[in-house]
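A short write-up of the structure that comes next.
The values are calculated or read from the model by the stated rules, or taken from the named source; none is laboratory data. Just so it is clear, the model here is predicted, and its values are computed rather than measured. Cβ coordinates were reconstructed from backbone atoms using ideal geometry, including for glycine residues, and neighbour counts include every protein chain displayed. Surface areas here come from the heavy atoms of the whole protein model, side chains and all, with no ligands, DNA or RNA. Shrake-Rupley method; radii C 1.70, N 1.55, O 1.52, S 1.80 Å.
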Amino acid sequence: MTDYSIDTIVDTVVSRIQKVMDQSFEIEASGRHIHLNREAIDTLFHEGYQLHPTKYLSQPGEFASEERVCIEGPKGTIQDVIVLGPERKNCQVEVSLTDARSLGVNAPVQLSGNIENTPGIIVRNGSKSIVLDRGVIVAKRHIHVKDTDAEKLGVKDHDRVSVRVFSKRPLIFEDVMVRISPKFETYMHIDYDEANACGHSKGVRGCIVKR
């Protein structure tokens with residue numbers, strides 16, 4: 001029978017914990033928000049209007065602005081929806097499934113940027129409004145992976161993985177999409193429904209479950 005010393009056991013445990021932490025990443029909860037294109041910004045505010053950043057986000061160049069709008073569906077309205085910048089080619093509204101039900105829209109779970117076959121919505125800023133014929137989604141949970149972190153995490157672009165969340169209510173999220181780019185910083189994004197399910201708090205981390 002092998003005789004393991006206490007020091008050897010401790011070193012082994014510490015080594016395993018360190019390896020897990022080296023391969024872990026922060027998980028951010030993303031609340032409802034909207035991305036606007038230039039035409040929508042001109043209509044909702046005024047021609048040539050520029051969004052005013054109040055907080056820069058984890059992904060380089062992206063920011064939360066001080067601007068807020070109202071979104072209106074067939075069954076309900078949500079006020080004070082934050083506008084994220086910079087402006088995009090297409091308008092996109094990201095809500096949770098709970099939000100979608102209260103609005104009365106059948107928003108599909110899709111990757112950000114994919115607005116094909118999605119419902120529309122009315123967006124208002126005071127007396128100004130636009131009618132989007134599409135663009136409302138529930139963002140599919142995903143990990144932004146910086147290209148230099150991909151090998152360490154053992155992933156390729158568009159892999160689908162499971163992620164163990166080290167939170168107050170630990171769980172494993174399955175079918176998490178991996179997106180890799182040199183323009184990214186490595187963070188996982190979930191919505192508020194998912195955040196509540198795992199007892200998310202700021203700084204919570206997770207790691208990919210190896211199959």
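Picking from Val155, Val163, Val131, which residue would you name as being modelled with pLDDT of 95 or more, outside any helix (DSSP H, G or I), buried (at least 20 other Cβ atoms within 10 Å of the Cβ) and among the aliphatic types (A, V, I, L, M)? Exactly one of Val155, Val163, Val131 is modelled with pLDDT of 95 or more, outside any helix (DSSP H, G or I), buried (at least 20 other Cβ atoms within 10 Å of the Cβ) and among the aliphatic types (A, V, I, L, M), namely Val163. Residues that are closer than 14 Å to Gly31 by Cα and under 16 Å from the mean Cα position of the chain (by Cα) were ranked within the stretch 73-93; the one that is most open to solvent (accessible area, probe 1.4 Å) is Ile82.
Residue-wise test of (1) assigned to a loop (DSSP other than H, G, I, E, B); (2) not β-branched (Val, Ile, Thr).
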| site | (1), (2) |
| --- | --- |
| His46 | yes, yes |
| Thr54 | no, no |
| Pro74 | yes, yes |
| Thr118 | yes, no |
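Scanning the stretch 56-72 for residues that are charged (D, E, K, R) and not in a loop (DSSP other than H, G, I, E, B), we see that the one that is least open to solvent (accessible area, probe 1.4 Å) is Glu67. If we keep just the residues of the stretch 103-114 that are surrounded by 15 or more Cβ atoms within 10 Å (Cβ to Cβ) and not in a loop (DSSP other than H, G, I, E, B), which is farthest from the chain's Cα centre (by Cα)? So the residue we want is Leu103.
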